[in-house]
Amino acid sequence: MNKALSPTDFGALEGFHDLNPTQDDFCASVIKGLSRKQKTLSCKFFYDQRGSELFDEITTLDEYYPTRTEIGILERSSADIAAAVGNQPTVVEFGAGSVRKIRLLLDAVDAPVFVPIDISRDHLVHSAKCLAGDYPETRVVAICADFTNDIALPKDLPTSNRLGFFPGSTLGNFTHDEAQQFLERTRATLGTGSAFLVGIDLRKDAETLHAAYNDSLGISAAFNLNLLNRINHELDATFDLTTFRHDAPWVEEHGRIEMRLYSTVNQNVTVAGTAFQFTEGEYIHTENSHKYSVAEFQALASSSGYEPVQVWVDDAERFSLHYLRG
Ligand SMILES: C[S@@+](CC[C@H](N)C(=O)[O-])C[C@H]1O[C@@H](n2cnc3c(N)ncnc32)[C@H](O)[C@@H]1O
């Protein structure tokens, strides 16, 4: 449920805008997704408070190379990035999560305004408050919103020299068409003359990819299964988590990892009064993680109206950080 924060809850946060999806949106999306022939749940609903905590845990795993690799690129290339970005940008981060990577960018560029956007409300407020306390010279305005919709930025933000930041390969969760639409929409939101810094995971051997999404400690499995737990609690559903199993295969045909939850038995599940049948071995498709070559990503950016200006890649060529001009 959306809650209003009292001004005293903001801490050092300059402002908080709550455009979070409602429970009705969540329920309608789940019922629609489970009614499909290929049952599907939107990955944006992974991120309740527990989901955000589990994601943060995933980023610390040995097998999960993307976070540490992208941080390495940001650390090593911060002077180059600052030179490309220029001084005093208004930075807008999409899917800001625990706002860890932005700290490296804020250390490198003198940003007077930072706008973190995320769907995970409480996690966002907590992370943004901590960041605002640590960067008193930067005005932090948090927005809880679903970035698959149009987001109107607050009217009092500077309109020139805006920089979008989209790390973590979150863009890889979109299909190619969805990614193109997202980039077009974001370019319109950020405005003429803006720039966009996008972190995207590179294509690599299937073994490395498989290990990253099927870790030995089972944290990715817990993250995936937490979605069913959330649906049980928030939508009065009857998923028995012991009868669903996580798997995340590499699907070469689509160039992506697919997160799946397999039903291990024939069963019926009710969600908000609607019944769904599962046969043994049937799966719910919960997330895509598309991988791109540098050239593929640059072609996508160009087709969305962006000019690819510069790209930074780690030595092992695992991850890429693209600087695009709008
Ligand atoms: C893969 S995590 C990346 C987190 C962080 N940016 C990083 O690089 O580690 C995706 C983030 O995007 C947020 N997110 C996912 N779908 C979203 C949506 N539709 N709208 C807004 N935020 C979303 C999640 O809450 C999460 O914080």
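The values are calculated or read from the model by the stated rules, or taken from the named source; none is laboratory data. Note that the structure is a prediction, hence the values are computed from the model and not measured. Cβ atoms come from the backbone with ideal geometry, glycine included; neighbour counts cover every protein chain shown. Ligands, DNA and RNA are stripped out before the accessible areas are found, and what is left, the full protein with its side chains, is counted by its heavy atoms. Shrake-Rupley method; radii C 1.70, N 1.55, O 1.52, S 1.80 Å.
Here is the list for the range 115-194: GluC sites (Glu not before Pro) lying in DSSP coil, each with at most 13 other C-beta atoms within 10 angstrom of its C-beta, are Glu137.
Taking every Cα-Cα distance in the chain and sorting them into 20 Å bins from zero, the calculated P(r) comes out as 32, 59, 10 percent. Fully extending the segment from Thr238 to Asp62 would add 60.0 nm, taking 0.36 nm per residue of separation and subtracting the current Cα-Cα distance.
Solvent-accessible area assigned to carbon and sulfur over the range 58-182 amounts to 47 percent, based on a 1.4 Å probe. Solvent exposure of the chain amounts to 43 Å² per residue of accessible area, where only protein heavy atoms count and the probe is 1.4 Å.
If you roll a 1.4 Å probe over the range 195-261 with all protein chains in place, what percent of the accessible area is carbon or sulfur? Carbon plus sulfur share of accessible area: 49 percent.
Taking a ≥ b ≥ c as the square roots of the eigenvalues of the Cα gyration tensor of the range 208-326, is the shape rounded (a/c under 1.5), prolate (a/b larger than b/c) or oblate? Taking the square roots of the gyration eigenvalues as a ≥ b ≥ c, the range 208-326 is prolate. Phi angles of the range 99-107 translate, via the Karplus equation with coefficients 6.51, -1.76, 1.60 and θ = phi - 60°, into HN-Hα couplings of 6, 7, 6, 4, 4, 5, 6, 5, 5 Hz per residue; Gly and Pro are given as x. Taking a ≥ b ≥ c as the square roots of the eigenvalues of the Cα gyration tensor, an a/c ratio of 1.5 or more together with a/b larger than b/c marks the range 126-240 as prolate. Modelled spin labels at Asn87 and His285, positioned 7 Å past Cα toward Cβ, are 5.0 nm from each other. Within the straight-line cut-off of under 24 Å between alpha carbons, the lysines reachable from Lys291 are Lys39, Lys44, Lys101, Lys204, sequence neighbours fewer than 8 places apart in one chain being disregarded.
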